[in-house]
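The values are calculated or read from the model by the stated rules, or taken from the named source; none is laboratory data. Just so it is clear, the structure is predicted and the values come from calculations on it, not from any experiment. No Cβ is skipped: glycine too gets one built from the backbone with ideal geometry, and neighbour counts run over all protein chains shown. For accessibility, only protein heavy atoms count, side chains too; no ligands or nucleic acids. Shrake-Rupley method; radii C 1.70, N 1.55, O 1.52, S 1.80 Å.
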2 protein chains.
Amino acid sequence: MHFLFLLELKKLLINHHLMYEQLRAYINNGTSSIISDEEFKLVEQAFTPKIIKKKQFLLHEGMVCKYMSFIVKGTMRQYTIDQKGNEHIVRFGIENWWISDRDSFINLTPTKYCIDALEDTELLVTTNEKLINLRATSVHFNKMCQNLDEKHFSASQERIQAMISYTAEERFLHLMNTYPVFIQRIPQAMLASYLGITPETLSRIRKQVTLQNKSSR
Amino acid sequence: MHFLFLLELKKLLINHHLMYEQLRAYINNGTSSIISDEEFKLVEQAFTPKIIKKKQFLLHEGMVCKYMSFIVKGTMRQYTIDQKGNEHIVRFGIENWWISDRDSFINLTPTKYCIDALEDTELLVTTNEKLINLRATSVHFNKMCQNLDEKHFSASQERIQAMISYTAEERFLHLMNTYPVFIQRIPQAMLASYLGITPETLSRIRKQVTLQNKSSR
DNA sequence: AAATCTGCTTGATATTTGTCAAGCGAGCTT
DNA sequence: AAGCTCGCTTGACAAATATCAAGCAGATTT
């Protein structure tokens, strides 16, 4: 009994180690110089590993979003629920992106979003206070945050532009090109919601698209 | 002749002074402590005043966006032009917001956006290098940038959510509540583009809305 | 194995929005 | 004052998308 417990604990620690290592790799990825062990220790201390099982919630409508989480592995979604009970997916979260409702996180206001996991997902979680401190003390980490923010800006703008200028079919093709991972991993009904259309319409669009591909070959 | 020139120059300097003062006011607005004169001098030095006349371009598709501009007064639009020649407005810029294509600004890639002025607009312009230096030297300015970024994040997310969950009419009503200034200042055809609909549809929606208001009184 | 559920597809029809064409009033130019 | 552009509206019709209802194959539960 004791022995099995220790074994599980060991596995857990190894897994946690791997999670931090991926964060380290991503930090190094964005800068020319490599983050030192001492500096990375500061980063480690600011984050807590967390695993969210499929369908579990990270955030629920009405809560204040106290955490900002770096996704190490897995897929999440951030969505609202309207009066009719329909879900509208604002954002998918995958590896190497933040997941959080920044508005609620910064202003401590209740969120209107839910965030849950589409598959078992590994997170590194931090608070606003720790984040602010860490950004002030670790140059490399701060740089990573800036890069992530720019990535986020760019993605949002791209999405808005697609929504106002493209038809549903064009938006789907655009998504296929930009985030092919989404198409592979995410159930079609959720992709439809993300694209702002109904599942039925997406089904017809896909049929359309595959037919066009076949005839052009 | 000499005299008139000096008079014009004086007017210009006074105007420039007022522009900087507004930036100072906005910086102070976002923090608990007030920015000192020495610190604000650093801010002043990083920016150049610029006036863009109505319909003039600040940025054109294909250029690299080398500047980030703080709007002191006026209205701008950031938009794409599709193959059919239709314009799609991604964003309006008004007082106390940045205007720039951040993606191009950061990565030095050619932009796909045009930015022009809807009315004579006063800007304080800076470069990425100056911005980075200034953020490192002025705590108050850095805080303002963070606040602006959060404002931008929040607005983008809000917009995306509106696009995927609301009908055209709901989006218009939402815009009326969120940015009534837009409705007052901006020609209807451009509002339509911003909402992702045609001018004709917006015209019909407005008719609809005013009829409903009348009957409910 | 039967029953249920989930994710997706398909068809018929309704609703929303776009397209094209015309018109109208206000302000501007000549 | 005549003519013109601009911003907006309106009508008739077309296209895109939603809605409702049904069905179906594969996975999961009982």
Item checked: 3J(HN,Hα) from dihedral phi, region A:80-96, Karplus parametrisation 6.51/-1.76/1.60, rounded to Hz, x for glycine, proline -> 10, 10, 8, 4, 6, x, 7, 9, 10, 8, 7, 7, 9, x, 10, 3, 6
Next item on the list: Using a Gaussian network model of chain A whose springs link C-alpha atoms within less than 10 Å, name the residue from A:THR198, A:THR167, A:THR75 with the highest mean-square fluctuation.
Entry: A:THR167
Next item on the list: Can you find, among B:LEU118, B:ASN128, B:PRO49, the residue farthest towards the positive end of the dipole of region B:2-165? Put +1 on the C-beta of Lys and Arg, -1 on that of Asp and Glu.
Entry: B:LEU118
Note to self: To the nearest 20 Debye, how big is the dipole of the protein assembly as shown about its Cα centre, given +1 on the beta carbon of each Lys and Arg and -1 on that of each Asp and Glu?
What the structure shows: 1080
Check: Which of the listed residues, A:ILE197, B:ILE99, A:MET68, is farthest toward the dipole's positive end in the protein assembly as shown, when Lys, Arg count +1 and Asp, Glu count -1 at the beta-carbon?
Finding: A:ILE197
Notebook entry, point to check: Which residues, if any, in region A:160-179 have at least 30 Å² less accessible area in the whole protein complex than in the isolated chain, probe 1.4 Å?
Noted result: A:ILE160, A:GLN161, A:MET163, A:ILE164, A:SER165
Margin query: Can you pull out the trypsin sites (Lys or Arg not before Pro) in region B:79-170 whose DSSP state is coil and whose Cβ has at most 11 other Cβ atoms within 10 Å?
Written below: B:LYS84
Next item on the list: Relative to the compact-globule scaling 2.2 N^0.38 Å, provide the ratio for the alpha-carbon radius of gyration of chain B.
Entry: 1.15
Check: Taking chain A as a Gaussian network, where each spring joins two C-alpha atoms under 10 Å apart, which residue of A:ILE106, A:ILE186, A:ILE71 fluctuates the most?
Finding: A:ILE106
Item checked: Hz values of 3J(HN,Hα) by residue in region B:180-191 - Karplus curve (6.51, -1.76, 1.60), Gly and Pro given as x -> x, 3, 4, 4, 5, 8, 9, x, 4, 4, 6, 4
Next item on the list: Can you send over the solvent-accessible area of B:LEU12, 1.4 Å probe, protein chains only, in Å² to the nearest 10?
Entry: 80
Notebook entry, point to check: With chain B treated as a Gaussian network of Cα nodes joined by springs under 10 Å, which of B:GLY74, B:GLY93, B:GLY85 yields the largest mean-square fluctuation?
Noted result: B:GLY85
Checklist line | Whole-Å distance, taken between Cα centres, linking region A:91-131 and region B:59-99 | finding: 30
Notebook entry, point to check: Can you give the charge dipole size of region B:2-165 about its Cα centre, rounded to the nearest 20 debye, using +1 on the beta carbon of Lys and Arg and -1 on the beta carbon of Asp and Glu?
Noted result: 200
Check: Which of the listed residues, A:LEU108, A:PRO187, A:ILE81, is farthest toward the dipole's positive end in region A:80-200, when Lys, Arg count +1 and Asp, Glu count -1 at the beta-carbon?
Finding: A:LEU108
Next item on the list: Pairs of Cα atoms under 8 Å, at least six residues apart: use those to get the relative contact order of chain A, whole percent.
Entry: 21
